[in-house]
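See below for the structure under consideration.
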Amino acid sequence: MVCEQSGRVLNIGMNKTNNAIPQQENSLLSWREERSLKIRKIFRRIPKTAAVIITLLLICAIFSSWIAPHDPIKQNVVVALKPPYWQQGGSSDHLLGTDNLGRDILSRIIYGARVSVIVGFAAVLLSGVLGTMLGIIAGYFGGMIDSVIMRFTDIMLSLPFILIAIAIIGAVGPSLTNIIIVLGITQWVGYTRIVRFEAMSFSKSEFIEMAVISGCKWWRILFVHILPNVLNTAVVLATLDVGKMIIFEAAFSFLGLGVKPPTATWGGMLADGRTYLTVAWWIATFPGIAICITVLGGNLLGDWLRDELDPRHQLKA
C-alpha cells in the first residue's frame, strides 16, 4: 500500500512537471513573438524618407571607393567645366559634370559624404558624452558644483561660436581631427542644460533616495540609476545635432578652415564653385543639394526618435 501511494504521488509530480514544461515553452514563445512584433512595429513607423536618405549617405561613405565612377582628385583640364549629361555638351561619363580642374562632380560628392559622416557622428559623440556627463553631475550634486558648471555653460553660450572656432583652428591648423575636437568642445552646452534639468528631477525621486540609503556610491547612482533615464533625451538631441555638425563642417571648409585640399568635401566644393556660378552652376549647386538632403534626413530621424521615446506617445501606442 505504501509503495502504491508513493508511486501515485510520483506520477502526479511527473505529470505536473510535464505540464509545466509546455507552459514555460509557450510563455517563452509568446515573449519572443511579442518582442518581434514590437520590433516590426518600430521599423514600420520609421519615416521612409529619413531611412532612405541615411542609408544612401552611409552607403556612399562606406563604399565610396567602389561606387564613385572616377578618382575624385584626378585632374583633367581637357574636360574642365563640362556640364551635366542632360545639357548640351554634357557626357554620360560625367553625369553631374566636372569642375574647373576637370574633376568629376559626382565622384567628389560621393567621397565628400565620408568626411561629412565622420565629422557629424564623431563630433556629436564627443559633444554628447561631454555635455551629458556635465549635466548629470550638475543636476545630481547641485550646490557649488552646479553653480560652477552652469556659469561656465553661460560663458560658452555668450561667446560667438564661429570666432572661437576660427581662433582655435587658426592656432592648431585645419584638419579633420581638429574640426571634430573644436565642434565637440564647443557644442556640448545644449546637452548640459537639458540633461541637468532631468537629472535634478530624478535626483529627488524615491528610487534614488533608496539607492543612497542602501549605500550606493555616487558614481553608481550617476551611471546606473540616472544616466539610463536621461539617455533617451541625449539620443534625440544627438540625432538632431548630426545635421548641424555637417553644416558646420561645410562652413569651415567653405572658409578654408576645414579638411585640406585636394580631399573632397562638400563645403570645399561650394567654395570652388562660387566663382563659377554664372558659367558653371553645377559645381556649387549639387554639393549644396547634398547638404540640404542630408540635414533633412537627420532632422526627420530626430523628430521620429523624439516621438517614439516620448512616454505619452508610448501610452497612446
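General observations
- Cα gyration tensor category, rounded, prolate or oblate, for segment 168-317 with a/c compared to 1.5: oblate
- 3J(HN,Hα) couplings calculated from phi for segment 53-59 with the Karplus curve 6.51 cos²θ - 1.76 cosθ + 1.60 (θ = phi - 60°) are, in sequence order, 5, 5, 5, 4, 4, 5, 5 Hz; Gly and Pro show x.
- Karplus-based coupling profile of segment 199-208, in residue order and whole Hz: 5, 4, 5, 6, 5, 9, 6, 5, 5, 6, with θ = phi - 60° in 6.51 cos²θ - 1.76 cosθ + 1.60 and x standing for Gly or Pro.
- Amide H contacts for LEU101 (H built 1.01 Å from N in the peptide plane; partners 5 or more residues away or on another chain; cut-off under 5 Å): LEU81.
- Leading residue at positive end of dipole, segment 109-316 (Cβ point charges), from ILE247, THR263, LEU305: THR263
- FRET efficiency estimate (nearest 0.05) - Cβ-Cβ, ILE162 to GLN87, R0 51 angstrom: 0.90
- As a proxy for reagent exposure, ranking PHE63, PHE252 by other Cβ atoms within 10 Å from fewest up yields PHE63, PHE252.
- Phi angles across segment 300-305 convert, under the Karplus curve 6.51 cos²θ - 1.76 cosθ + 1.60 with θ = phi - 60°, into 3J(HN,Hα) values of 5, 5, x, 5, 5, 4 Hz, Gly and Pro given as x.
- Shape call, segment 112-182: gyration tensor on alpha carbons, a/c limit 1.5: oblate
- Segment 109-316 - charge dipole about Cα centre, Lys and Arg +1 at Cβ, Asp and Glu -1, debye rounded to 20: 200
We did not get these values from a lab; they are worked out from the coordinates using the rules stated. Just so it is clear, the structure is predicted and the values come from calculations on it, not from any experiment. Here Cβ is always computed from backbone atoms with ideal geometry, including for glycine, and neighbour counts include all displayed protein chains.
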